[in-house]
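**Student:** Can you read through this structure? Questions will come right after.
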Amino acid sequence: MIYDFDTPVDRRNTNSLKWNVKENELPMWVADMDFRAAPEILEAIQTRATHGVFGYTDIPDAWYEAYIGWWESRHGFRMEKDWLIFCTGTIPAISSMVRKLTTPAEKVLVQTPVYNNFFNSIINNGRQVLESPLVYDGEAYHMDFADLEEKLADPQTSLMILCNPQNPTGNIWDRETLARIGDLCKKYHVTVISDEIHCDLTSPGYEYVPFASVSDTCHEISVTCLAPTKTFNLAGLQTAAVAVPDETLRHKVWRGLNTDEAAEPNAFAVDAAAAAFTKGAPWLDELRAYMEENKKTVTEYAAEHIPQLHVVPSKATYLMWLDCGAWVTAARSGNPLSAGASSQKGGADPSVDIAPFIREKTGLYVSSGSAYGGNGAQFLRMNVACPRSRVLDGMQRLEAGLAQLAAL
């Protein structure tokens, strides 16, 4: 390997949201990586910093060309310059579009379990969350198209937020699935926001399909959220984009982003993004291979040491979706846990109780699955974008925490 992903980086005392935790705690929750950005990106940032003047920043052609070139070479999808609008982040953009493309009290459809900030963008803007739960067969997830059509047919449903690839389940939606979504949304006059910021974090040998590339219909009715932030660990630089092929829809989105003051870059946002998409491919390819080994480590450790914990197969993102359902069922039946332990967990939402218990007893900080809706209550979400030594530490703490809970 050319790049070093094994050496831990100390992020304490850097105002890190993720690492602002107690000394004994291991944070594996929020979706940012514990790796330094690619040297090529650091060089671009350092060059910009050395200049020493950080005034208002314009969007140069190099920024557009970087996005267009990356998606064409990496994902086989040719975007046009006119489609692209800079924005400070995916969630600010989604919140702006919820306000601009819907009216108060209308419904915005999401397929749960799904990234929890989608709910905030909907509820905080006075719209209704409409869930179309993904179907879990005990091994993996798929879409329930009968339920999806029923929800889209509701005249109050005007917008759908699609997570492609899917967070937290790690699904990569295939072309046929995306085409069916597009046809249904077109039929019922529903606009699609496709959040694709995890698109480059697929397992080696796997590729995602851009929603807008699938058909003329998908092209016409959609807005795509793009960013280098998850892929290259640049979330703190607030740099992203939306791609809107349809001219009329693009004008509405552009007006919303400008009205909400979410379309102006900071001094580093443009140069960092351009460097990532023009020079970051070798780093990313090594990262994807490293992440695949981290996921394998989690799966093999669980199979050997925590056999009642099912690791949902994931081909995208660096997030692991851990099914505690069998473990909780055994706990409530008194095997291996006592009746006292079942009472301790208290009811239908095991992850809400399990996650804080594990954090308190072992210092492992993972996300409670209930935050993601759907059947998330029986799951934990673990971020494995860190050196493998920390992944093993996290799994050992998880095992120890579950054992302590079992001993109650």
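The values are calculated or read from the model by the stated rules, or taken from the named source; none is laboratory data. Not measured: the values here are computed from a predicted model. No Cβ is skipped: glycine too gets one built from the backbone with ideal geometry, and neighbour counts run over all protein chains shown. All accessible areas refer to the heavy atoms of the entire protein, side chains included, with ligands and DNA or RNA removed. Shrake-Rupley method; radii C 1.70, N 1.55, O 1.52, S 1.80 Å.
**Student:** What does the C-alpha gyration tensor say about the overall shape of segment 81-203? Classify as rounded when a/c is under 1.5, otherwise prolate if a/b is larger than b/c, or oblate.
**Tutor:** Values: a/c = 1.45, a/b = 1.12, b/c = 1.29.
Rounded, because the longest to shortest axis ratio a/c is under 1.5.
**Student:** Which one of Thr47, Ala273, Asn20 has its Cα pushed farthest toward the positive end of the charge dipole of the chain, where Lys and Arg give +1 and Asp and Glu give -1 at the Cβ?
**Tutor:** Of the listed residues, the answer is Asn20.
**Student:** Please report how far the C-alpha centroid of segment 250-276 lies from that of segment 203-222, rounded to the nearest whole angstrom.
**Tutor:** So the two Cα centres are separated by 23 Å.
**Student:** Find the accessible area per residue for the chain; the probe is 1.4 Å, ligands and nucleic acids are left out, and the unit is Å². Present the calculation step by step, with values, prior to reporting the outcome.
**Tutor:** Working: 16780 Å² over 408 residues.
That works out to 41 Å² for each residue.
**Student:** Let me ask something else about it. Non-local amide H neighbours of Leu162 (under 5 Å, H modeled in plane, Pro and chain starts lacking H): which ones?
**Tutor:** Those lying under 5 Å, H to H, from Leu162 are Ile193, Ser194, Asp195.
**Student:** Which number gives the lysine pairs in segment 211-325 that have C-alpha atoms under 21 Å apart and are eight or more places apart or on different chains? Mind showing how you got there, number by number?
**Tutor:** Working: Lys230/Lys279; Lys230/Lys295; Lys230/Lys296; Lys230/Lys315; Lys295/Lys315; Lys296/Lys315.
Final tally of qualifying lysine pairs is 6.
**Student:** Which aspartates and glutamates, on any chain, are close to Lys100 with Cα under 16 Å apart, when same-chain ones fewer than 8 places away are left out?
**Tutor:** Asp246, Glu247, Asp260, Glu261
**Student:** Compute the helix-to-body angle for 269-279: its Cα long axis versus the longest principal axis of the chain, expressed 0 to 90° and rounded to tens.
**Tutor:** Approximately 80 degrees, to the nearest 10.
**Student:** In debye, nearest 20, what is the charge dipole magnitude of segment 188-340 about its Cα centre with +1 on Lys and Arg Cβ and -1 on Asp and Glu Cβ, if you could check?
**Tutor:** On the way: 10 positive and 19 negative charges, 76 e Å.
Dipole size: approximately 360 debye.
**Student:** Counting only protein heavy atoms and a 1.4 Å probe, tell me what percentage of the chain's accessible area is made up of carbon and sulfur. Don't skip to the end; give the middle numbers.
**Tutor:** Numbers: 8220 of 16780 Å².
Its accessible area is 49 percent carbon and sulfur atoms.
**Student:** Have a look at Cys225, Ala403, His305 and report the one farthest towards the positive end of the charge dipole of the chain, computed about the Cα centre with Cβ charges (Lys/Arg +1, Asp/Glu -1).
**Tutor:** Value computed over the given set: Ala403.
**Student:** In deg cm²/dmol, rounded to 500, what helix-only [θ] at 222 nm does the chain give when every DSSP H run of at least 4 residues adds -39500 (n - 2.57) and the total is split over its residues? Write down the numbers at each step before the final one.
**Tutor:** Working: 15 runs with 174 residues, N = 408.
The per-residue figure over the chain is -13000 deg cm²/dmol.
**Student:** Another question, if that's okay. Tell me whether segment 25-74 comes out rounded, prolate or oblate; compute the Cα gyration tensor, take square roots of the eigenvalues as a ≥ b ≥ c, and use a/c under 1.5 as the rounded threshold. Let's see the in-between values first.
**Tutor:** Working: a/c = 2.26, a/b = 1.30, b/c = 1.74.
Cα axes put segment 25-74 in the oblate bin.
**Student:** Could you rank the peptides 260-268, 54-62 by their average count of other C-beta atoms within 10 Å per residue, with the highest value first? Numbers along the way, then the final one.
**Tutor:** Working: 260-268: 17.3, 54-62: 11.2.
Order by mean packing, descending: 260-268, 54-62.
**Student:** Next up: Give me the dipole magnitude in Debye, nearest 20, for the chain about the Cα centre, with unit charges on the beta carbon: positive for Lys and Arg, negative for Asp and Glu.
**Tutor:** Values: 35 positive and 51 negative charges, 173 e Å.
I would put it at about 840 debye.
**Student:** Okay, moving on. Over the chain, with a Gaussian network built from C-alpha contacts below 10 Å, which listed residue (Thr317, Thr231, Thr297) shows the highest mean-square fluctuation?
**Tutor:** Looking only at Thr317, Thr231, Thr297, the largest GNM fluctuation is found for Thr297.
**Student:** Rounded, prolate or oblate: which fits the chain when a ≥ b ≥ c are the square roots of the eigenvalues of the alpha-carbon gyration tensor, with rounded for a/c under 1.5 and prolate only if a/b beats b/c? Walk me through the numbers before you get to the answer.
**Tutor:** Numbers: a/c = 1.87, a/b = 1.26, b/c = 1.49.
In terms of gyration-tensor shape, oblate.
**Student:** Sorted by mean Cβ packing within 10 Å, highest first, what order do the peptides 89-101, 179-191 take? Before the final figure, lay out the partial values.
**Tutor:** Working: 89-101: 21.8, 179-191: 18.7.
My ranking of the peptides, most packed first, is 89-101, 179-191.
**Student:** Order the peptides 76-82, 35-41 from the highest to the lowest mean number of other Cβ atoms within 10 Å of their residues. Don't skip to the answer; put the middle values down first.
**Tutor:** Details: 76-82: 13.6, 35-41: 19.7.
Packing order, densest peptide first, comes out as 35-41, 76-82.
**Student:** Please report the relative contact order for the chain, taking Cα pairs under 8 Å with a sequence separation of at least 6, and give it as a percent rounded to a whole number.
**Tutor:** 23
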